[in-house]
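> One structure follows; several queries about it will come next.
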Amino acid sequence: MNAPVASNLPVVTRFAPSPNGPLHLGHAYSAIVGHDLATNAGGRFLLRIEDIDGARSRGELADEYRRDLDWLGLEWEEVPTQSTRLSAYQAAFERLKAAGLVYPCRCTRADIQAAGARMGPMGPIYPGTCKRADMREDEPVQWRLDLDAAGKTAGQLEWHDAFAGEQTCDPHLLGDVVIWRRDEPASYHLAATVDDAVDGVSIVTRGRDLFEATHIHRLLQALLDLPTPAYHHHALVLDEDGQKLSKQRGSPALAARREAGEDGRVLAEQLRMQKFVLGT
Ligand code: GLU
């Protein structure tokens, strides 16, 4: 795979797993795509452990992930984990808050469902209940991005995907997403966007299941004056039932294959040759 960016730019890619369950074949494919894009261009391949979700993150899994990547024959450079970067996320959040681009929200999942929220590509679209309410901040609240205000500030934006081509930014696909959480710090969207800039990532490689998240990330880049990388949303590895693999569905772990004595480098070659079913 060749890098779809100007050849004078250093190619920096990253694999950014959340340590909340064992890695499966889909993660292996994602890591290999990122690794090969970078190394074929003489660039850097980074590993970033996305442990922002303290309640669900399990530290011991990060070591297992390193063993899995090593077993697949990959080499990487590790950048700081998200739990060590909270002050950068806080600064980004304060900037959005000072610009009046976020609003406090007290809705639970059940409230959102009860309000008849429409389903979006990554979950229910927030119906805006708290945006219309006169909210006080004297109780724990979460903070949502005000897409109307943000859109006015940022204007029309574009981003580029290696497969889907030029995209006009449409953050309304996901609605007013949570940016700062009630119980934990920054949301995935804020943390990953800040990290990709801090880490100097030039091509974000990740599965197509996160395609729509990029509309929000592109908007955050504009609001926070961060650079915009190229994107490479790759196809997903599916199981025999045509379902995408997932930690939650208990898809077979790389660690189990490794511990059973399978050759990880052979598996990596099979993934490169797309021997497993790849969905769009
Ligand atoms: N941490 C995310 C996950 O494990 C990936 C985020 C990304 O690649 O932007 O699904």
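The values are calculated or read from the model by the stated rules, or taken from the named source; none is laboratory data. None of the values given here were measured: they were computed from a predicted structure. Every residue, glycine among them, receives a Cβ derived from its backbone with ideal geometry; neighbour counts consider all protein chains shown. Surface accessibility is based on the protein's heavy atoms, side chains included, excluding ligands, DNA and RNA. Shrake-Rupley method; radii C 1.70, N 1.55, O 1.52, S 1.80 Å.
> Go through the range 43-98 and report how many residues are touching a Leu at 6+ places or on another chain (Cβ under 8 Å), of a type outside the set (A, V, I, L, M, F, W, C) and in contact (Cβ under 8 Å) with a residue 24 or more places away in the chain.
Matching residues across the range 43-98 total 8.
> To continue, here is another question. Kindly check whether there is at least one residue in the range 81-88 that is charged (D, E, K, R) and either over 20 Å from Q221 (Cβ atoms) or part of a loop (DSSP other than H, G, I, E, B) (or both).
Within the range 81-88, one or more residues are charged (D, E, K, R) and either over 20 Å from Q221 (Cβ atoms) or part of a loop (DSSP other than H, G, I, E, B) (or both).
> To continue, here is another question. Would you confirm whether or not the range 170-187 contains a residue that is within 29 Å of R44 (Cβ to Cβ) and surrounded by fewer than 21 Cβ atoms within 10 Å (Cβ to Cβ)?
yes
> Just the residues that are of a type outside the set (A, V, I, L, M, F, W, C), open to solvent by less than 60 Å² (accessible area, probe 1.4 Å) and part of a loop (DSSP other than H, G, I, E, B), please, taken from the range 117-152.
The answer is Y126, P127, G128, D146.
> Of the numbered conditions (1) of a type in the set (A, V, I, L, M, F, W, C); (2) within 25 Å of A154 (Cα to Cα); (3) within 13 Å of the ligand (Cβ to nearest atom); (4) open to solvent by less than 40 Å² (accessible area, probe 1.4 Å), L236 fails exactly one; give the number of that condition.
In the conditions (1) of a type in the set (A, V, I, L, M, F, W, C); (2) within 25 Å of A154 (Cα to Cα); (3) within 13 Å of the ligand (Cβ to nearest atom); (4) open to solvent by less than 40 Å² (accessible area, probe 1.4 Å), L236 misses (2) alone.
> OK, next. Restricting to the range 241-271, name every residue that is aliphatic (A, V, I, L, M) and part of a helix (DSSP H, G or I).
Those that are aliphatic (A, V, I, L, M) and part of a helix (DSSP H, G or I): L254, A255, A256, V266, L267, A268, L271.
> What number goes with the only condition from (1) at negative phi; (2) touching a residue at least 24 places away in the same chain (Cβ under 8 Å) that G242 does not pass?
(1)
> Could I ask something else about it? Take the residues in the range 10-44 that are more than 11 Å from the ligand (Cβ to nearest atom) and assigned to a loop (DSSP other than H, G, I, E, B), then tell me which one is most open to solvent (accessible area, probe 1.4 Å).
P10
> Can T193 be described as in contact with a strand residue (DSSP E or B) (Cβ under 6 Å, 6 or more places away or on another chain) and part of a helix (DSSP H, G or I)?
The answer is no for T193.
> Here is a follow-up. Just to be sure, is W143 among the aromatic types (F, W, Y), within 16 Å of the ligand (Cβ to nearest atom) and within 23 Å of L224 (Cβ to Cβ)?
Taking the combined requirement at face value, the residue does not satisfy it.
> Return the only residue of D111, D68, D63 being assigned to a helix (DSSP H, G or I), acidic (D, E) and touching a Gly at 6+ places or on another chain (Cβ under 9 Å).
The match here is D68.
> Open to solvent by less than 20 Å² (accessible area, probe 1.4 Å), under 16 Å from the mean Cα position of the chain (by Cα), under 19 Å from I49 (Cα atoms) and more than 10 Å from the ligand (Cβ to nearest atom) - does that describe any residue in the range 209-218?
Checked against the condition, which is being open to solvent by less than 20 Å² (accessible area, probe 1.4 Å), under 16 Å from the mean Cα position of the chain (by Cα), under 19 Å from I49 (Cα atoms) and more than 10 Å from the ligand (Cβ to nearest atom), the range 209-218 yields no hits at all.
> For the range 50-79, what are the residues that are modelled with pLDDT of 95 or more and either among the aromatic types (F, W, Y) or open to solvent by 70 Å² or more (accessible area, probe 1.4 Å) (or both)?
Of everything in the range 50-79, those that are modelled with pLDDT of 95 or more and either among the aromatic types (F, W, Y) or open to solvent by 70 Å² or more (accessible area, probe 1.4 Å) (or both) turn out to be D63, Y65, R67, D70, W71, E75, W76, E77, E78.
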